[in-house]
Amino acid sequence: MRLKAFEHLAPGTLSEACALLGELGPKAAVIAGGTDIIVRMKYGVAQPEFLIDLKRVDGLNEIRMVGDELRVGALATLTQVQRSDLVRQRYPILAEAALAVGAAQLQNMGTIGGNICLEPRCWYFQQGTAWREARQNCFKNGGSVCYMAKGGRRCWALYSGDTAAALLALGAKVRLVSSGGERTVPLEEFFLDDGMHHTDLRSGELLAEVVIPPPAMGQRGTYLKYRKRGAVDFPIVGVAAVLNERPGLPPHLRVAVTGAGSRPLPITVPQGIVSGNTLTREMIDQLADVARKQVKPVSRMEVSPHHRKHLVGVLVADALEKLLA
């Protein structure tokens, strides 16, 4: 599959990149590692006239402390993230999630910003031109049908980024920059439940960095991923859990799920389930059931929606048991 002609632009500063993106609008796409956009361009489902390459922009690949917060630049590769001493010591769950993405070659090229903004997947959309022309256009192609969810009134393509679940469980934010200024948005507000427009990125905006709050004393977390093969594959279901056991207080728990819908989903833990000084087997069973009920998968991609819900419950229970151990 050959790429169609495009113009390659390589700005040297973030302000220059934002200006180009604002000026060119929908005719342009941003490229970081290229592991997602180049594949979509080869299939013909993305055909930008301009590619704005961010690799020359200073500072976007840095992982550093600012006060007591960790700042991870959007161009930091997944290999950088998993090998960073700051990440491994303070947020090992994020290193786990970065290691779970694809295979080593993809981790060397792919960036954390690209993995967060990963385009939702669909078997019917991301195919060759002849495949798409043989059937009625889906929502992503300007039509009015979703092949992932029969009778669906919107696009139900699956979001499958790994690092987003870990970052949601950590309570992270993203810093978004444009020519008009910048804003910092909690990650759970950044994602939208729409297979066509799955983030709150506005026209002319770039994701510049991820901001992670300081870990609480005694905080620990884990990321578990169920997939067909031990490497390369996207998650059929991924679960991130962060537990903070506080002296004299009930444990504080954050859980997030990826691969079960058009966005990664933070699980709401009802009050009263978690009590005492530590989690119990009964609490874990209740929390697994809560997570199972809160996810609403409709896609039959890889497995049935019913089996995907079942896997969410299994992985939530496994993650919490791992944290207790």
With Cα atoms, 0 to 90° folded angle of helix 305-324 axis to the chain main axis = 50
Virtual spin-label span in nm between residue 268 and residue 179, 7 Å along Cα→Cβ = 4.0
For n ≥ 4 DSSP H runs only, could you compute -39500 (n - 2.57) per run for the chain, divide by its residues and tell me the 222 nm figure to the nearest 500?
-> -8500 deg cm²/dmol
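Averaged across orientations, what area in nm² does the convex hull of the alpha carbons in the range 1-55 project? Don't skip to the end; give the middle numbers.
Working: hull surface 14.1 nm².
Averaged projected hull area, Cα only: 3.5 nm².
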Gyration tensor (alpha-carbon) shape descriptor, the chain, a/c threshold 1.5 = oblate
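Would you list 159, 147 from fewest to most Cβ contacts within 10 Å?
Working: 159 26, 147 21.
Placing the least packed residue first, the sequence is 147, 159.
Just the C-alpha atoms of the range 219-324: what Rg/Rh do they give, with Rh taken as the Kirkwood radius? The partial results should precede the final answer.
Numbers: Rg = 13.8 Å, Rh = 14.0 Å.
My calculation of the ratio gives 0.98.
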If one compares the long axis through the Cα atoms of helix 281-294 with the longest principal axis of the Cα atoms of the chain, the angle in degrees, nearest 10, works out at 30
Inter-label distance for residue 252 and residue 220, nm, one decimal - labels placed 7 Å from Cα along Cα-to-Cβ | 1.8
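Only bridges whose two residues both fall in the chain count here: according to DSSP, what percent of them are antiparallel, nearest 5?
On the way: 40 of 47 bridges.
Counting DSSP beta bridges with both partners in the chain, the antiparallel share is about 85 percent.
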Please give, to one decimal in nm, the separation of the simple spin-label points placed at residue 193 and residue 233, each 7 Å out from Cα toward the Cβ.
-> 2.7
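Computed from the coordinates by the stated procedures, all read-outs in this text should not be read as laboratory data. Since we're looking at a predicted model, the values are computed, not measured. For neighbour counting, all protein chains shown are included, and Cβ atoms are generated from backbone atoms with ideal geometry for every residue, glycine included.
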